[in-house]
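> My questions all concern the structure below.
The values are calculated or read from the model by the stated rules, or taken from the named source; none is laboratory data. Note that this is a predicted model, so its numbers are computed, not measured. Every residue, glycine among them, receives a Cβ derived from its backbone with ideal geometry; neighbour counts consider all protein chains shown. With ligands, DNA and RNA removed, areas are computed over all heavy atoms of the protein, side chains included. Shrake-Rupley method; radii C 1.70, N 1.55, O 1.52, S 1.80 Å.
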Amino acid sequence: MTRSSAHHRFDFSALTPRDAYKVMIGTIVPRPIAWVTTVSPEGVVNAAPYSFFNCLSADPPILALGVENKPDRSFKDTAYNIRMTECFTVNIVDRANVEAMSVTAAGFEPGVDELDIAGLSAVPGEKVACPRIAEAPVAFECERYLGIAVSSAREIILGRIVMAHIREDIIDPATCYSDHTKLDAIGRMGGNGYAGTLDYFDRPTPTAEELLNGSGTKAASGSR
């Protein structure tokens, strides 16, 4: 690590995986949380939160999960269940469910129903064979689209959204616009930190024409 131009420089080829992880999760923030529910081939429901998550495409509707394997490189319940059943559901975490979500993050042994321990309710999926969390404000039923083993330590799972369940007070079904204040979602920061999404502001993107004729606000010097 060297210091130059008031920035610390990190060569990722020289970092340990743990240090690379700390650099990324402390600066790529806030990260949305996928509260993933799956079901084992034996019918046991599993729930776990993942913050290496985002939407990647609307056509087709694709979201992505980054799922780390166990230290012995065996699959976690989430990755194993998705491989075996070809489906999963991503529930969105709101402020009201932070405590319950943290319960499901504990390292339970396979076969344990985290939803039951957290006092949550499972609702059967409509288009997939795994449940959603009744208490979650939003849930996306997904079919496994593609799995990418980026290393022996981690897999990226792409899911195609086939059904969404959104609490009635959050979304206008006529316009498909959602009220972020009613959703009150939380995101993951570094360490044990979380952040709310209510610290919100609008900033319309100016057109190139507005900027060129001086009627728009100029961006920072040197930007393109």
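For every residue, the table says whether it meets (1) within 19 Å of the chain's Cα centre (by Cα); (2) at pLDDT 95 or above; (3) outside any loop (DSSP other than H, G, I, E, B).
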site: Asp19; (1), (2), (3): no, yes, yes
site: Val29; (1), (2), (3): yes, no, no
site: Thr38; (1), (2), (3): yes, yes, yes
site: Glu42; (1), (2), (3): no, no, no
site: Pro49; (1), (2), (3): yes, yes, yes
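> Same structure, new question: On the basis of being crowded, with 16+ Cβ neighbours inside 10 Å, among the β-branched types (Val, Ile, Thr) and farther than 19 Å from Asn81 by Cβ, does Ile186 make the cut?
In short, yes.
> Mind checking which residues of the range 160-218 are β-branched (Val, Ile, Thr), within 23 Å of Leu63 (Cβ to Cβ) and assigned to a loop (DSSP other than H, G, I, E, B)?
Within the range 160-218, Ile170, Thr175, Thr197 qualify.
> Say we look at the range 88-103 and pick out the residues that are open to solvent by less than 80 Å² (accessible area, probe 1.4 Å) and part of a helix (DSSP H, G or I); which of these is nearest to Ala64 (Cα to Cα)?
Only one residue fits best here, namely Met101.
> Mind counting the residues in the range 189-210 that are β-branched (Val, Ile, Thr) and loosely packed, with under 12 Cβ neighbours inside 10 Å?
Of the residues in the range 189-210, 2 are β-branched (Val, Ile, Thr) and loosely packed, with under 12 Cβ neighbours inside 10 Å.
> While we're on this one: Search the range 10-33 for residues that are under 13 Å from Phe52 (Cβ atoms) and β-branched (Val, Ile, Thr) and pair each with any residue that is open to solvent by 50 Å² or more (accessible area, probe 1.4 Å) and assigned to a loop (DSSP other than H, G, I, E, B) when their beta-carbon atoms are under 7 Å apart and the residues are at least 6 apart or on different chains.
Val29/Met189
> Follow-up question, since we're still on this one. Can you give me the number of residues within the range 53-74 that are open to solvent by 30 Å² or more (accessible area, probe 1.4 Å) and touching a residue at least 60 places away in the same chain (Cβ under 8 Å)?
Count: 5.
> Under 8 Å between Cβ atoms, which residue pairs at least 6 apart in sequence (or on different chains) link something in the range 171-184 that is more than 18 Å from Ala195 (Cα to Cα) with a partner that is among the hydroxyl-bearing types (Ser, Thr, Tyr) and surrounded by fewer than 12 Cβ atoms within 10 Å (Cβ to Cβ)?
Partner pairs satisfying both residue conditions: Ile171/Tyr177.
> Condition first: under 17 Å from the mean Cα position of the chain (by Cα) and basic (Lys, Arg). Can you find one or more residues in the range 108-131 that meet it? Break it down into steps so the answer makes sense when it comes.
Of all residues in the range 108-131, those under 17 Å from the mean Cα position of the chain (by Cα) come to none.
No, the range 108-131 has no match at all.
> Now for a different question. Return the residues of the range 104-133 that are over 19 Å from Tyr80 (Cβ atoms), in contact with an Asp or Glu (Cβ under 7 Å, 6 or more places away or on another chain) and surrounded by fewer than 22 Cβ atoms within 10 Å (Cβ to Cβ); say none if nothing qualifies.
Within the range 104-133, Ser121, Glu126, Lys127 qualify.
> Being under 13 Å from Ala164 (Cα atoms) and among the β-branched types (Val, Ile, Thr) is the filter here, so list the residues in the range 124-149 that pass it.
Within the range 124-149, Val128, Ile133, Val138 meet the criteria.
> Here is a follow-up. Anything in the range 123-159 that is more than 20 Å from Gly43 (Cα to Cα), assigned to a loop (DSSP other than H, G, I, E, B) and of a type in the set (A, V, I, L, M)? List them, or say none.
Ala136, Val150, Ala153, listed by residue number.
> Scan the range 58-87 residue by residue and report those that are part of a loop (DSSP other than H, G, I, E, B), among the charged types (D, E, K, R) and modelled with pLDDT under 95.
Lys70, Asp72, Arg73, Lys76, listed by residue number.
> Considering the range 12-47 alone, what residues qualify as being open to solvent by less than 70 Å² (accessible area, probe 1.4 Å) and in contact with a Lys or Arg (Cβ under 7 Å, 6 or more places away or on another chain)?
Within the range 12-47, Arg31, Ile33, Thr37 qualify.
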